[in-house]
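Take a look at the structure below.
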């Protein structure tokens, strides 16, 4: 496995790979890897010949009151895990390598970042789009894999690729869960045993939402109220939001139809946990959106 630290050596290594006619698969990360990340690596391997991951804690996507300095980092641990999973190259740049001077051109997202996590984290998705666009230009992957857990990020980046004509196919990987249904996340390390046990209600509430819709409920307010009641009754967690949005523009909807994301964010202590399901809803059926293709 190769490890590169600079843009120049990364481009040189990938130039050789590309000259051999190999397809390049890419997965960007903040590091501190868990099984959810490794599942995305497996998907990238199915769709490419050479898998590269980046490990970069990107400062532009952290707000002034967020945990940039405290974000867990363990490069050697990550290296071993990626090596065992068959990653071919790790790109691990410094902040100075990615942002050598003040940038004068930045991204502004319209509409898709004013609800869900974007409403609570102003500027976050501008920073995500900024760094992913830079990584796409450096790596020029044929495919890139992102997890469904970060649903707003997923659809914002799909729009980035569409609007700016990046020649990269984005593939959605499934949310990988712990035995109690909790979506795997780096921030799960902050949970106490009691909080971890209580967190199972999050996925249960999403499954209850799906059940209500399968039974014919089409009023978003009714589904949201049922989920909210479940979470408030079963946990000491503090609800940040429970929302239902259309995946095309991530705007809230009142009547459930088409492809929708049912998403939530709940605080357990200092850990902010997010989760979601994506449903295709029509008069005859309700089904979850397939992943990994």
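Per-structure values
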quantity: Computed helical MRE - 222 nm, the chain, DSSP H runs ≥ 4 contributing -39500 (n - 2.57), nearest 500; calculated: -11500 deg cm²/dmol
quantity: Rounded tilt (10° steps) of 151-164 against the dominant C-alpha axis of the chain; calculated: 50
quantity: Alpha-carbon gyration tensor eigenvalues x 5, square-rooted, for segment 89-227, Å; calculated: 32, 20, 16
quantity: DSSP-defined antiparallel bridges as percent of all bridges, the chain, nearest 5; calculated: 55
quantity: On Cα atoms only, tilt of 124-139 relative to the major axis of the chain in degrees; calculated: 40
quantity: Ratio of the Cα radius of gyration of segment 106-173 to 2.2 N^0.38 Å, where N counts its residues; calculated: 1.05
quantity: 37 °C / 0.692 mPa s Stokes-Einstein diffusion coefficient of segment 186-288, Kirkwood radius on C-alpha pairs, µm²/s; calculated: 235
quantity: Size of segment 2-173 as Cα extents on the principal axes (Å, biggest first); calculated: 42, 34, 33
quantity: Computed over the chain: relative contact order in percent, which uses C-alpha pairs under 8 Å that are six or more apart; calculated: 17
quantity: Value of Rg/Rh across segment 1-96 [Cα atoms, Kirkwood radius]; calculated: 0.99
quantity: Cα centroid separation, segment 54-80 to segment 274-293 (Å); calculated: 31
quantity: Histogram of C-alpha separations across segment 78-117, 10 Å bin width, %; calculated: 20, 22, 29, 28, 0
quantity: Percent RCO, i.e. relative contact order, over segment 186-288, from Cα pairs under 8 Å lying at least 6 residues apart; calculated: 26
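No value in this document is a laboratory result; all are computed from the given coordinates. Remember, it's a predicted structure, so these values are computed and weren't measured experimentally.
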